Structures are given as C-alpha cells and as structure tokens.
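First comes the structure, then the notes that go with it.
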Amino acid sequence: MIVSTLSLDLHVAVSRAVAFTDGGSLLLAGGLTPAGTTSSVVLIDLTHGTVTSAGDLARAVHDAGGALVGGAPVVFGGGNVVPESVVQRFDGGHGAVIGQLPRARADLVAVAVGGSVFVIGGGTPSRLDRAVLSTTDGIHFQAIATLVDGVRYPAVAAIDGRIIVIGGTDGTHDRNEIQAIDPATGTVRIIGHLPHGLSHASAFVIAGRLLVAGGRSAGVAQDTIWEVDPVGGRVSMAGRLPRAVSDAAVAVVGDVAYLIGGERSEIVSSIISITIA
C-alpha cells in the first residue's frame, strides 16, 4: 500500500464535506471551515494540480451525504445551525434544492449501488435515524431496510452489491459493529466488529478491497487504515496515514482513493492519496 500527502492543498481548510469524482478531477461540496459552514463547491484538478472554485450549493451544509444521481452531484441533508432535510443538486456551477428527505438528517452517508442511491445513518442529536432510504432521483424516497444499530458518523461503502456500515457513534459511545445491508432483500445483519469503537472515519473500495481510514476513537483522531472482509467481517490492519485525521471527504478515481481535508485538533487543508502497490 502506498499512502502519501499530495503537494496540492485546498485553499481553505475544510472538514465534513462531501466529494464526487468527475473524470480525473474531484468536486468537494459544502463542509465546515474555520469561518463556519460553507456552500462552496471546489474543483480539484488532479491532472494539472489546481484547486479552483466551481460554484456554490443553494444551502450551506456540513455533515451531509453525497452521491451522483443521474450523473450529477446530489447532496443529501446535513446540518448548519440544525440538521436539514434539504436535497440539493449541483449542475453547471449552480446548486438547486430539488427535494426533501422524509425527516431532517445530518451526520449521514449516501452511496450508489446500481441505479439507486441509499441514504444511511445519521439523524439529529436527539434521534438516531435507523431507516435506510433508497432513491433514484433525489426527490422520491423509499425505506428499504432498518439498521440493527442506529449510528451517526459511520464509515460506509458499497462492495459486491452490498452496503457495509462500519462503526459510527450512538451519541455517547463510538461503536465497533460492522453492519451489512443487502439492498435486494432489505436484510441487515452484524457481520463483525472493529478492534475498538470508531466514528468519523472514511470507507472506500480500491482494487477490490474495502478499507477504512482515519476517524476518531474516544474523541482522538486516528491514523490507522483497516481492511474489512465484507463477507466474514474480519478486520486487519492495512497501513497508516501520514497523520491522524477524522471527518475527511473521500473519493475514488480508478484505484486511488483521496482523503480530502478533515480534522485533527484543527481543520486541515491536506489531500492524502491511498493506492494498492
């Protein structure tokens, strides 16, 4: 595994944003900056090594979920002063509100499987939302499953047609459960456990391997990269980040994952690349 910090930095440090891939470039939308919640969308051109403004969301949010819907970036929920239910589409340099989640939800993740996007985890400070929602347009939502354990800030990735939900927090404790969702049947089961509770981490798949990087345990940012067996739930250490980081946005281009921004004791502007040697 090759893990390195790019020489390319964000112009403004940001955490709790969502990231999308656009060919050889990345889009980073929303998030939390030292000045507060932002609506900015930033284009990171990996080929030319540039970071430029791409426009703005209609509403400033952080701790949202993000996935491509019909080829366009869509941002689900998130928070500003309070958790939001707003669904935003970003297209042509402009953000627009296209719909609403059934209930306000922040601290969530959205992932695409086939032609559908699934909204998972999160909720409000007083309510964990266990409903797994499915949408094909960002406007209409259907509850297709229920998490065994409701969690905010889980690490989530799709692999082999299933969705793996790793860790998260119940609002009091970091959780170590690994939950597997089968979107075809709506079944959810616990398939394994992390060595310790972990929240605010980033999950992704490269070279067919499910990895979980960074995060927080007992409030402390982590530098560990774990590999999770999506069938048996076994967990093994796969590597370490150059520095501990939580709440990083993640995007995959080819077989390279990029962790963008995030937090240590402060919000950071770095971009970390991870690839399998």
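Could you tell me how many of the residues in segment 1-22 are under 20 Å from Val111 (Cβ atoms) and either free of Cβ contacts under 8 Å to residues at least 40 places away in the same chain or of a type outside the set (Ser, Thr, Tyr) (or both)? Total meeting the criteria: 6.
Evaluated against (1) in contact with a Gly (Cβ under 8 Å, 6 or more places away or on another chain); (2) at pLDDT 95 or above, Ile272 falls short on exactly one condition, (1). Screening Leu57, Leu43 for residues that are of a type in the set (A, V, I, L, M), buried (at least 23 other Cβ atoms within 10 Å of the Cβ) and out of contact with any helix residue (DSSP H, G or I) (no Cβ under 8 Å at 6 or more places or on another chain) leaves exactly one candidate, Leu57. Restricted to segment 139-234, the set of strands (runs of 3 or more DSSP E) holding at least 3 residues that are buried (at least 20 other Cβ atoms within 10 Å of the Cβ) and at pLDDT 95 or above comprises 155-159, 162-166, 177-182, 202-206, 209-213, 224-228.
Yes or no: Arg105 surrounded by 24 or more Cβ atoms within 10 Å (Cβ to Cβ) and among the basic types (Lys, Arg)?
On the way: surrounded by 24 or more Cβ atoms within 10 Å (Cβ to Cβ): yes; among the basic types (Lys, Arg): yes.
Against the criterion (surrounded by 24 or more Cβ atoms within 10 Å (Cβ to Cβ) and among the basic types (Lys, Arg)), Arg105 qualifies.
Being in contact with a strand residue (DSSP E or B) (Cβ under 7 Å, 6 or more places away or on another chain), surrounded by fewer than 21 Cβ atoms within 10 Å (Cβ to Cβ), of a type outside the set (Val, Ile, Thr) and farther than 18 Å from Val250 by Cβ is a description that does not apply to Ala112. Scanning segment 107-156 for residues that are aromatic (Phe, Trp, Tyr) and under 18 Å from Gly31 (Cα atoms) yields one hit, Tyr153.
Within segment 235-277, the set of residues being over 18 Å from Ser15 (Cβ atoms) and assigned to a loop (DSSP other than H, G, I, E, B) comprises Gly254, Asp255, Ile276, Ala277.
How about segment 13-119: which strands (runs of 3 or more DSSP E) wholly inside it have at least 2 residues that are more than 18 Å from the chain's Cα centre (by Cα) and not hydrophobic (A, V, I, L, M, F, W, C)?
By residue number, 50-56, 94-100.
Reported count of residues in segment 23-55, each being without any contact (Cβ under 8 Å) to a residue 60 or more places away in the chain, β-branched (Val, Ile, Thr) and in contact with a strand residue (DSSP E or B) (Cβ under 7 Å, 6 or more places away or on another chain), is 5.
In the list Pro73, Pro125, which residue meets the criterion of being out of contact with any helix residue (DSSP H, G or I) (no Cβ under 8 Å at 6 or more places or on another chain), within 22 Å of Ala201 (Cα to Cα) and surrounded by fewer than 17 Cβ atoms within 10 Å (Cβ to Cβ)? Of Pro73, Pro125, the one residue that is out of contact with any helix residue (DSSP H, G or I) (no Cβ under 8 Å at 6 or more places or on another chain), within 22 Å of Ala201 (Cα to Cα) and surrounded by fewer than 17 Cβ atoms within 10 Å (Cβ to Cβ) is Pro125. Would you call Gly55 touching a His at 6+ places or on another chain (Cβ under 6 Å) and either among the acidic types (Asp, Glu) or at pLDDT 95 or above (or both)? In short, yes.
The values are calculated or read from the model by the stated rules, or taken from the named source; none is laboratory data. In this text the structure is predicted, and so the values were computed from the model without any measurement. All Cβ positions, glycine included, derive from the backbone under ideal geometry; neighbour counts span all protein chains shown.
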